[in-house]
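Structure, as structure tokens:
The values are calculated or read from the model by the stated rules, or taken from the named source; none is laboratory data. Bear in mind the structure is a predicted one, so any value in this text is a computation, not a measurement. All Cβ positions, glycine included, derive from the backbone under ideal geometry; neighbour counts span all protein chains shown. Calculation scope for accessible area: heavy atoms of the full protein, side chains included, ligands and nucleic acids excluded. Shrake-Rupley method; radii C 1.70, N 1.55, O 1.52, S 1.80 Å.
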Amino acid sequence: MKTGHRPTANAVSKDVWITCAPPIKSTCPHPWNHKRVYRIYCELELNLRIKPRKRLKRDKPDALAVPEAPNITWSMHFMADRLGDGRAFRLLNVLDDFNREGLGIEVDFSLPPKRVIRSLDRIIELRGKPGTIRVDNGPEYISGKLLIWAEKLGISIQHIQPGQPQQNAYIERYNRTVRHEWLDQYIIESIEEAQDHATQWLWTYNTDRPNMGIGGITPAQKLKMAA
């Protein structure tokens, strides 16, 4: 029956209940019927709509692009693996997005914010500081210590959106290369051995291995061309 106005939420809820509820009186010997059950249902506020959760709006970072020169944007990311005896260790990878140069691989059982800052200071001393470092939302990257350090040096820390690793695609691709070309090739027995493998591989990657992502030349060659 059309009434000329929209039904209320309670009316709609009641109609749905009556439509969906089984005929209690005809199937159960108990002294209650669907009307009493529905009244209790409403008294318990089970008929109220659940408000959807509001999603937090995050600023969308700029599209991933190739910087026009060295030290404009670096990418930074962690990896994890295990020694031959089962102990877990971590790797911190730092990459220059311009020429895909591996700037450093730090290996240890634990890499807290202080250790991350120390590694970055060592790279900056040799290479100069970047304008921006792109990172994910790991606890080390949202640490107040790292943000304070970056602010003092005038470096912008750019966090990608949660669940969007493609926004840090250069370092993600680099991580796969690290794992495929040396990390998964050996049973590593100590942190010292892992660091030795990392250092030797990094030199080969930067100076001898052509990178198709930068036109089939090495990162060292592209850096020299930009000088």
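From the list TYR174, TYR186, TYR141, TYR170, which one is crowded, with 19+ Cβ neighbours inside 10 Å and either farther than 15 Å from GLY102 by Cβ or not aromatic (Phe, Trp, Tyr) (or both)?
TYR141
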Scope the range 119-153; condition of a type in the set (Asp, Glu) and over 13 Å from PHE78 (Cβ atoms); matching residues: ASP121, GLU125, GLU151
Restricting the range 189-205 to residues that are in contact with a Gly (Cβ under 6 Å, 6 or more places away or on another chain) and open to solvent by less than 90 Å² (accessible area, probe 1.4 Å), the residue that is farthest from GLY138 (Cα to Cα): TYR205
Hits in the range 154-167 (condition: farther than 16 Å from HIS77 by Cβ and either touching a Phe, Trp or Tyr at 6+ places or on another chain (Cβ under 6 Å) or surrounded by 14 or more Cβ atoms within 10 Å (Cβ to Cβ) (or both)): ILE155
Helices (runs of 4 or more DSSP H) lying entirely in the range 137-227 (those with 2 or more residues that are without any contact (Cβ under 8 Å) to a residue 40 or more places away in the chain and within 23 Å of ARG87 (Cα to Cα)): 169-178, 191-207
Pairs where the first residue, in the range 83-99, is free of Cβ contacts under 8 Å to residues at least 24 places away in the same chain and the second is open to solvent by less than 10 Å² (accessible area, probe 1.4 Å), C-beta under 8 Å, 6+ apart: ARG90/VAL107; ARG90/LEU111
Filter result (over 20 Å from the mean Cα position of the chain (by Cα), surrounded by 22 or more Cβ atoms within 10 Å (Cβ to Cβ) and farther than 16 Å from ILE217 by Cα) within the range 94-106: LEU103
Check on PRO130, part of a loop (DSSP other than H, G, I, E, B) and modelled with pLDDT of 95 or more: yes
